[in-house]
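Here's the structure we're looking at; comments come further down.
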Amino acid sequence: MRVIIGTLAGIAALATLAMAAGMPLDLQLAGLFYDPAQHKFLAALNPYVGKIRDNGLISLVACASAVIAAIATRLLRRPNRIIPGRVVLFLVSTLALGPGLLVNGILKEHWHRPRPVHVTEFGGDKAYVNWWNPGGACDRNCSFVSGEASAAAWMFAPAMLAPAPWSIVAFAGAAIFTVVISVSRMAAGGHFFSDVLLAVLMMLIMISATHYLVFRWRRKAPVTE
C-alpha cells in the first residue's frame, strides 16, 4: 500500500507543479473525452460509459454485506465463523469517514470547483479553476473531489484484509476497479483528472491510517516503579 500511496503522491505533486506553472493539464485530459463537434462528453454519446459509474455502489454493497454477515453469525451463535468486530469497524469507519464525511460532507460542499461539463472550455458557463482554489462558481455538489472515485478506492480496504496468497489479486482487482470508475467519471465530464487522483490518494491514506489504528496500534504499558 505504501508503494501505491507514494506513486500517487508523486504523480499528484508533478501534476500540481505542471498546472501551477501554467500547463492546462486538467483541461487537456478532460478534452480527450469531449467531442467539440457535438458539444458532448463521451458518456453522453455512449450510454454504456455512463452506466459504469453505477458500479461504484459495489463498495456500499460489500460493506453492508460484511456487517450483515457479522450480525448473522453472532445471532446464529457460530463463533468459528464470526467476522471479527475489528474488521467490521475498519470497513465501516473507512467508508463512513472517507466517501461519507470527508468527500461528500466536507469537500464537495465547500470546495466550489465547477465540473468539466460546466466550464466554458466545454460549453458551460462557469470559469475553470485549479483544484487548490476553493473559490469557484459551483454552489453545491461540486467537482473536487470525486465521490465515485473515493468510493471505488474504498475497495482497497477489504483488499488489505485478504490473506497473503490472495492479497496481490485483491489489490489488482481494487486498482482496476478504481481506475475504471475514475476514467468513467472523467468521460462523463463529471470530474477532472486531479479530482479523481486526489480522491483516491486521500482514501488510501485514510485506509492505511485506519488499518494501523484498528489492527496494529497498541497502548504502551504504563511504566511502574
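Values in this text are rule-based calculations from the coordinates and carry no lab data. Computed from a predicted model, the values in this text were never measured in an experiment. Cβ sites come from the backbone with ideal geometry, for glycine too, and all protein chains shown count toward neighbours.
Tabulated values for the structure
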quantity: Fewest-first sequence of PHE177, PHE215 by Cβ atoms within 10 Å of each Cβ; calculated: PHE215, PHE177
quantity: GNM flexibility winner over the chain from MET186, MET206, MET19 (Cα, springs under 10 Å); calculated: MET19
quantity: Residue-count net charge about ILE106 - beta-carbon cut-off 14 Å; Lys, Arg +1, Asp, Glu -1; calculated: +2
quantity: Within a Gaussian network of the chain (alpha carbon springs, distance under 10 Å), most fluctuating of ALA199, ALA149, ALA44; calculated: ALA44
quantity: Burial ordering of ARG115, ARG2, ARG185, fewest other beta-carbon atoms within 10 Å first; calculated: ARG2, ARG115, ARG185
quantity: P(r) of the chain over all Cα-Cα pairs, binned every 5 Å from zero, in whole percent; calculated: 1, 7, 13, 17, 18, 14, 11, 8, 5, 3, 2, 1, 0, 0, 0, 0
quantity: Neighbour-count order for VAL169, VAL92, fewest beta carbons within 10 angstrom listed first; calculated: VAL169, VAL92
quantity: Axial C-alpha extent at least 20 Å, average Kyte-Doolittle at least -0.5 - helices from the chain (DSSP); calculated: 2-20, 58-75, 164-187, 193-211
quantity: Net charge of Cβ neighbours under 15 Å - reference HIS118; Lys, Arg +1; Asp, Glu -1; calculated: +2
quantity: Shape category assigned to the stretch 1-49 from the gyration tensor of Cα positions, a/c cut at 1.5; calculated: oblate
quantity: Candidates ALA37, ALA152, ALA21: whichever shows maximal mean-square fluctuation once the chain is modelled as a Gaussian network with Cα springs under 10 Å; calculated: ALA37
quantity: Computed lengthening from ASN46 to SER65, 0.36 nm per intervening residue step minus Cα-Cα distance; calculated: 3.7 nm
quantity: Unpartnered cysteines - no second Cys beta carbon under 4.7 Å - across the chain; calculated: CYS63
quantity: Taking the chain and dividing mean pair separation by its residue count, relative contact order in percent (alpha carbons under 8 Å, at least six apart); calculated: 27
